[in-house]
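The values are calculated or read from the model by the stated rules, or taken from the named source; none is laboratory data. It should be emphasised that the depicted structure is a prediction, and the values quoted were computed from it without experimental measurement. All Cβ positions, glycine included, derive from the backbone under ideal geometry; neighbour counts span all protein chains shown. The protein model used for the area step is the full one, side chains on, heavy atoms only, and it has no ligands, DNA or RNA in it. Shrake-Rupley method; radii C 1.70, N 1.55, O 1.52, S 1.80 Å.
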Amino acid sequence: MDYTAYAATMQGVWFSHDQGENWARLLTPTGGMYNEARVWAVETHADRPGEVLAGTDQGLYRYTSEAGRFDYIPSPMDSLHILQIARDPRDAKFIVCGTRPGEIFLSEDDGESWTRSNLNAATECWFINTSRVTSIKFDPAERDTIWITIEIDGVFKSTDRGRSWELAVEGIVDRDTHDLVFYDSPEGRTVLVSTEEGVHRSMDNGATWVHEPTDVAPFVYFRSLKLVPDGGTTVLASVGDKPSGETGMLLLSHDLGKNWKPLDVPGPVNSTIWTIGTNPADPKIIFAATIFGQIFRSTDGGETWAKMKRELGEIRMIAWAPN
Amino acid sequence: MSLFLFKPHVVGPKGDITTPDVIIDKLYVSDGDDLAPVPIGRISSEVKIPVESGLVVATPAFVLTAIGGGTLFSPAMLVNAKGDPLRTAEILMARKAWRHANLAEHEADVTMAASGKDATLGSLPGSGELIAKLTGGGDALPRGIAILVAVSGLAAEVTAPARVEMQLRDPRLDRELTHRLDLVSVADDRWEDRPGPRYTFGPQHGDLQHYI
């Protein structure tokens with residue numbers, strides 16, 4: 001498959017046009033995005049091949065392969081850190097951004113205008129002082145429902161397309177929450193959330209959660225959680241000894257997190273594996289990256305992994321999309 | 001504040017974009033014959049701002065900003081309550097600009113459009129004239145200096161919530177810069193019932209050391 005991989009780093013956005021082997025940024029003076037921009041999020045959409053949105057500390061940007069550069073999208077978020085971006089899978093013009101401090105901004109017209117959501121996230125939190133939006137997920141079944149995770153505050157759910165939110169943390173043992181996975185079957189819905197203290201499961205659409213220890217992992221700091229997008233029940237989890245951390249690992253479950261196995265990731269892994277990037281265009285191609293710049297690629301749906309030779313600076317998110 | 005960090009996306013004649021950071025120490029506002037300094041704290045690059053209830057005047061402008069690669073030419077909007085002097089307006093600078101050198105020869109043909117009207121810059125004091133006036137005959141702006149030229153004839157009177165927009169059009173190079181602002185009333189609150197601030201912590205068990 002002809003695809004481009006994208007890495008959001010603390011030194012801009014990096015592109016790979018050869019399956020992750022080599023990486024490069026746009027030409028520094030004319031790339032369109034601030035040279036010193038810290039980038040936390042890169043987001044692609046199936047209906048917009050060649051386009052990627054980037055969330056930075058200098059504003060929101062759009063890259064298109066046609067323009068070959070980033071274009072700034074004016075928004076009220078310029079002075080915030082734009083950490084997460086998600087677009088409605090059915091409508092690429094509907095953009096949801098999550099920031100630090102923890103706020104949600106919505107655009108229904110492809111970035112032409114913005115509304116700040118009434119998200120009552122914590123205005124101060126333990127340890128990291130200021131809350132951050134760590135994931136945004138459009139509900140796969142309910143069109144008007146959006147879920148987010150916030151460190152440190154918990155899981156929030158909106159049923160009015162992001163205008164208002166309710167906290168959904170009953171049973172969560174640690175409200176430092178990172179990522180969500182949904183699986184719908186005739187038997188019901190399973191939702192998993194990754195946290196600083198491992199994975200939690202909800203069987204009642206987020207009303208209550210049960211903490212599930214993962215004895216196969218020596219660590220409990222779970223970061224990225226991804227359902228392999230092949231329609232099945234395979235879940236990947238990235239884990240580290242602590243935030244940033246000094247080592248990391250990947251776990252795989254074929255039964256929605258009931259049983260996990262550690263994956264053989266070429267080591268030494270230098271820090272927490274921070275991000276996993278999948279794309280339904282080819283469920284077998286998956287990227288993962290440590291926060292300190294190592295990149296790994298799987299071409300068999302997560303069973304085996306190769307380490308890419310090139311290492312970048314601090315990587316916050318990795319993604320790929322067909323050209 | 002003592003400086004404004006202007007972060008423009010500078011569009012070259014072939015569409016390439018550079019992104020310099022420019023510190024503005026002093027801003028002079030020109031409205032007619034006057035060229036007067038205003039406090040830097042009035043400048044921002046926000047695109048959504050709260051304004052007074054009642055009639056508000058949005059006046060389009062262009063800004064000349066000193067920078068090493070050549071003076072920047074960018075759109076801006078001044079916003080003030082009706083009846084207040086223009087010099088007290090909030091100044092919203094768009095994060096987009098052209099190099100003045102790319103339009104100097106045809107500056108008089110550049111047009112500004114806002115609130116359904118337009119004007120050519122030929123009807124205004126030229127950039128060279130303004131720079132000479134400020135610098136005592138010089139032909140370049142000193143570092144840290146910006147001059148804003150307001151075009152009161154294109155001003156709009158609006159009541160928030162409102163969107164105001166202006167364009168600078170360069171007919172010779174066939175390009176335009178659009179600056180759009182959303183004005184919301186300072187009296188409005190997006191919360192029907194504004195909640196109190198919350199403090200949260202991660203682990204919901206055991207003793208925690210709190211740092212507050």
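Per-residue answers, yes or no, for (1) open to solvent by 10 Å² or more (accessible area, probe 1.4 Å); (2) within 12 Å of chain B (Cβ to nearest Cβ); (3) touching a residue at least 24 places away in the same chain (Cβ under 8 Å):
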{"site": "A:130", "(1), (2), (3)": "yes, yes, yes"}
{"site": "A:141", "(1), (2), (3)": "yes, no, yes"}
{"site": "A:157", "(1), (2), (3)": "yes, no, yes"}
{"site": "A:162", "(1), (2), (3)": "no, no, yes"}
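If you go through segment B:31-46 one residue at a time, do you hit one that is closer than 26 Å to residue B:175 by Cβ, within 13 Å of chain A (Cβ to nearest Cβ) and among the hydrophobic types (A, V, I, L, M, F, W, C)? No, because not a single residue in segment B:31-46 is closer than 26 Å to residue B:175 by Cβ, within 13 Å of chain A (Cβ to nearest Cβ) and among the hydrophobic types (A, V, I, L, M, F, W, C). Is one or more of the residues making up segment A:213-226 of a type in the set (Lys, Arg) and within 19 Å of residue A:10 (Cβ to Cβ)? So far as segment A:213-226 goes, yes, one or more of its residues are of a type in the set (Lys, Arg) and within 19 Å of residue A:10 (Cβ to Cβ).
Give the residue that is surrounded by the most Cβ atoms within 10 Å (Cβ to Cβ), with candidates limited to residues of segment B:131-187 that are among the acidic types (Asp, Glu) and more than 14 Å from chain A (Cβ to nearest Cβ). Selected residue: B:170. When segment B:1-46 is filtered for residues that are closer than 25 Å to residue B:182 by Cα, open to solvent by 20 Å² or more (accessible area, probe 1.4 Å) and in a loop (DSSP other than H, G, I, E, B), the ones remaining, listed by number, are B:1, B:3, B:7, B:21, B:39, B:45, B:46. Taking into account only those residues within segment A:73-83 that are touching a residue at least 40 places away in the same chain (Cβ under 8 Å) and in contact with an Asp or Glu (Cβ under 9 Å, 6 or more places away or on another chain), which is surrounded by the fewest Cβ atoms within 10 Å (Cβ to Cβ)? Per the stated criteria, the residue is A:76.
Checking A:184, A:179 one by one, the residue that is open to solvent by 50 Å² or more (accessible area, probe 1.4 Å), of a type in the set (D, E, K, R) and either closer than 26 Å to residue A:288 by Cβ or assigned to a loop (DSSP other than H, G, I, E, B) (or both) is A:184 and no other. Only residues that are of a type in the set (Gly, Ala, Ser) and open to solvent by 40 Å² or more (accessible area, probe 1.4 Å) were counted in segment A:281-305, giving 1. Residues of segment B:77-132 that are of a type in the set (Lys, Arg) and touching a His at 6+ places or on another chain (Cβ under 7 Å): B:95, B:96. None of A:266, A:243, A:218, A:262 is under 18 Å from the mean Cα position of the chain (by Cα), more than 21 Å from residue A:43 (Cα to Cα) and surrounded by fewer than 23 Cβ atoms within 10 Å (Cβ to Cβ) except A:243. Of the residues making up segment B:89-98, one or more are among the aliphatic types (A, V, I, L, M) and more than 12 Å from every other protein chain (Cβ to nearest Cβ).
Apart from one condition, residue B:54 fits all of (1) touching a residue at least 12 places away in the same chain (Cβ under 8 Å); (2) open to solvent by 20 Å² or more (accessible area, probe 1.4 Å); (3) touching a strand residue (DSSP E or B) at 6+ places or on another chain (Cβ under 6 Å); (4) not basic (Lys, Arg); the exception is (3). Out of the residues in segment A:23-50 meeting the condition of being at the interface with another protein chain (Cβ under 8 Å from one of its Cβ atoms) and in contact with an Asp or Glu (Cβ under 7 Å, 6 or more places away or on another chain), tell me which one is farthest from residue A:82 (Cα to Cα). This residue is A:30.
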